[in-house]
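Asks: Dropping the structure in here first, questions after.
Laboratory data are not the source of any read-out in this text; all were calculated from the coordinates shown. The structure displayed is predicted, hence computed values, not measured ones. FYI the Cβ positions are ideal-geometry reconstructions off the backbone, even for glycines, and counts take in every protein chain you see.
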Amino acid sequence: MIPDDLTVGVGHIERFNAIIPELAQIIKHPVYVEINRHNPGSSRIVGTSIIEDLMIHDIDILLNLFPIQEWSLACSGNDDVATALFTLDTCPAILTASRKSSKKIRRIYIEEEHFTVEGDYMAQEIYIHRKPGRFSIDGERYSQESTIEKVQVNKSEPLKKELKTFHRAVRDKKPFTVTPQQALENMVICERIHEGIHRAG
């Protein structure tokens, strides 16, 4: 039990990325979600799998960005490369993580019925692709007109924002954005992914 006068927080830094509140306003009824977090290997990361090292950040985003009533899970991979397929109600959500990549990727991709959203965590950019308003056939060539919108994002340093938020929570004696209970839920899902991977292997 945590005392009422103690402020406790967990450092899920991606929750403080500037694209997250923008995505929360844009996304209403997702029909497909994909989040990719890939890294070249690092010698400083030892004793932990890719699930706790990288994927856990996107588990946290998934649970807090999308309204979930019921979900199921299927997994594959190993300690260095892993994929988790969630079904959120009826929406498939794929999380991939790797430390075998030659390119650093931090990407979130969401489809709704009438538009698609792409977000880049590192560049803090969001693009909305609207379905084509007109289709045409020119000779034997098929063409379509669609629109791409770049969302205005007030870019900021996530770590600085996280620390300021924690300081404010302590000062005002209010709960921090990422609670111990949420962090525990993230870890429980990490364990389920581990179990699923071992069963599949």
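Asks: For helix 56-65, what angle does its Cα long axis make with the longest principal axis of the chain, in degrees from 0 to 90 and rounded to 10?
Replies: 70
Asks: For the chain, calculate the relative contact order in percent as a whole number, restricting contacts to Cα pairs under 8 Å that are 6 or more residues apart.
Replies: With pairs under 8 Å counted, the relative contact order is 29 percent.
Asks: Assuming R0 = 30 Å, can you tell me the calculated FRET efficiency for the pair LEU6 and LEU63, based on Cβ-Cβ distance, to the nearest 0.05?
Replies: Once the sixth-power term is evaluated, E becomes 0.80.
Asks: Work out, step by step, the length gained on full extension between LYS164 and THR48: first 0.36 nm times the residue separation, then minus their alpha carbon distance; give nm to one decimal.
Replies: Using 0.36 nm per residue and subtracting the Cα-Cα distance, I get 38.9 nm.
Asks: Pop the C-beta distance of VAL81 and MET122 into the FRET formula with R0 = 25 Å and round what comes out to the nearest 0.05.
Replies: 0.80
Asks: Let me ask something else. Just subtract the alpha-carbon distance of LYS131 and TRP71 from 0.36 nm times their residue separation and send over the number in nm, one decimal.
Replies: Gain on stretching LYS131 to TRP71: 18.8 nm.
Asks: Further question: Say each of HIS194 and ILE94 gets a label point 7 Å from the Cα, pointing the same way as Cα to Cβ; how far apart are those two points in nm?
Replies: 2.6
Asks: What is the sum of charges around GLU14, taking Lys and Arg as +1, Asp and Glu as -1, for the other residues whose C-beta is under 10 Å from the C-beta of GLU14?
Replies: 0
Asks: Measuring from label point to label point, each 7 Å out along Cα→Cβ, what is the LYS150 to ILE13 span in nm?
Replies: It is 2.5 nm.
Asks: List the residues whose amide H sits under 5 Å from the amide H of CYS91, counting only those 5 or more places along or on another chain, with H placed 1.01 Å from N in the peptide plane.
Replies: Counting only residues 5 or more places away or on other chains, the set is empty.
Asks: Pop out the ³J(HN,Hα) list for the stretch 89-101 in order, Karplus 6.51 cos²θ - 1.76 cosθ + 1.60 with θ = phi - 60°, rounded to Hz; leave Gly and Pro as x.
Replies: Here the 3J(HN,Hα) series is 6, 10, 9, x, 9, 9, 10, 10, 9, 8, 10, 10, 6 Hz.
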